[in-house]
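Undergrad: Input: one structure, supplied below.
The values are calculated or read from the model by the stated rules, or taken from the named source; none is laboratory data. What you are looking at is a predicted structure, and each value in this text was computed from that prediction instead of being measured. Backbone-built Cβ (ideal geometry, glycine too); neighbour counts: all protein chains shown. Heavy atoms of the whole protein, side chains included, go into the accessibility calculation; ligands, DNA and RNA do not. Shrake-Rupley method; radii C 1.70, N 1.55, O 1.52, S 1.80 Å.
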Amino acid sequence: MAKIHIGDQTCVLPMATTILGSHFQGRPNFMALGWLTRVNFKPPMLGVAVNQGHASHAAIVETGEFSVNFPTVDMVEVTDYVGLVSGKRVDKSKLFAIFYGELKNAPMISECPLTIECKLSKTVELPTNSFFIGEIVGSYSEEQFLTNGAPDIKKVKPFLLTMPDNRYWSVGDNIGRAWSDGKSIRSGSNKDVEA
Ligand SMILES: Cc1cc2nc3c(=O)[nH]c(=O)nc-3n(C[C@H](O)[C@H](O)[C@H](O)COP(=O)(O)O)c2cc1C
């Protein structure tokens, strides 16, 4: 089948839809965030790409702290809202019930089943965005969202984002096990390939 060049504005498909928490001018602020990824094993680190014009950007530069919160499928509207308006013009601090872990400037959202607080470790300056790499200081959930102590996606019910078509999606079925399903090939006829 012929491949078609579809341009250069392609994103990771899909992305987790999250909410970035910070303290902007002394008050909690939240923005929708799709551009994030885990970037280091030990110490555990997350990277978030934030546009230099956002209030959240100024907040992270000033305080060196931020949070990443995973909203549920019931929170699509409010998540989208914090991605539409800026803390520079609107007070978004009262939209959620807030709690804190160890960091004073990384407000976390009580309604979110999974939240992470990060301390800024490194910043990579890019033409329009800054890539903030934060060390994970702590992550928080509730018993009802865990299976064997780990967040269970069926219980957490996060939602996904696709760009550039700008749509939200729920998560589908579990179709395999990582670091496991490939073993059938390793132990089969392709054994020599690995060596
Ligand atoms: C679903 C969604 C995902 C977004 N992801 C990002 C992102 O990863 N990085 C970014 O800089 N802006 C992103 N935005 C835009 C910001 O959330 C938006 O500009 C927000 O109003 C900034 O708020 P602030 O000025 O209070 O920080 C996203 C918006 C939406 C709706």
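Undergrad: Out of the residues in the range 127-147 meeting the condition of being closer than 20 Å to residue 38 by Cβ and outside any strand (DSSP E or B), tell me which one is least open to solvent (accessible area, probe 1.4 Å).
TA: The residue in question is 145.
Undergrad: Right, another one. Exactly one of (1) in contact with a strand residue (DSSP E or B) (Cβ under 9 Å, 6 or more places away or on another chain); (2) within 28 Å of residue 157 (Cα to Cα) is unmet by residue 63. Its number?
TA: In the conditions (1) in contact with a strand residue (DSSP E or B) (Cβ under 9 Å, 6 or more places away or on another chain); (2) within 28 Å of residue 157 (Cα to Cα), residue 63 misses (2) alone.
Undergrad: How many residues are closer than 14 Å to residue 61 by Cα, of a type in the set (Phe, Trp, Tyr) and open to solvent by 40 Å² or more (accessible area, probe 1.4 Å) when one looks only at the range 15-40?
TA: Of the residues in that region, 0 qualify.
Undergrad: Scanning the range 89-103 for residues that are without any contact (Cβ under 8 Å) to a residue 60 or more places away in the chain and of a type outside the set (Ser, Thr, Tyr), which turns out nearest to residue 47 (Cα to Cα)?
TA: The selected residue is 103.
Undergrad: If residue 85 satisfies all but one of (1) surrounded by fewer than 18 Cβ atoms within 10 Å (Cβ to Cβ); (2) within 14 Å of the ligand (Cβ to nearest atom); (3) in contact (Cβ under 8 Å) with a residue 40 or more places away in the chain, what's the number of the condition it fails?
TA: Unmet condition: (3).
Here is a yes/no grid of residues against (1) open to solvent by less than 50 Å² (accessible area, probe 1.4 Å); (2) over 17 Å from the mean Cα position of the chain (by Cα); (3) among the hydroxyl-bearing types (Ser, Thr, Tyr):
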{"site": "75", "(1), (2), (3)": "yes, no, no"}
{"site": "96", "(1), (2), (3)": "yes, yes, no"}
{"site": "108", "(1), (2), (3)": "yes, no, no"}
{"site": "125", "(1), (2), (3)": "no, yes, no"}
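Undergrad: Another question, if that's okay. Does residue 43 satisfy being open to solvent by 30 Å² or more (accessible area, probe 1.4 Å) and either in a strand (DSSP E or B) or away from the ligand (no atom under 14 Å from the Cβ) (or both)?
TA: Considered against the rule, which asks whether it is open to solvent by 30 Å² or more (accessible area, probe 1.4 Å) and either in a strand (DSSP E or B) or away from the ligand (no atom under 14 Å from the Cβ) (or both), residue 43 comes out as yes.
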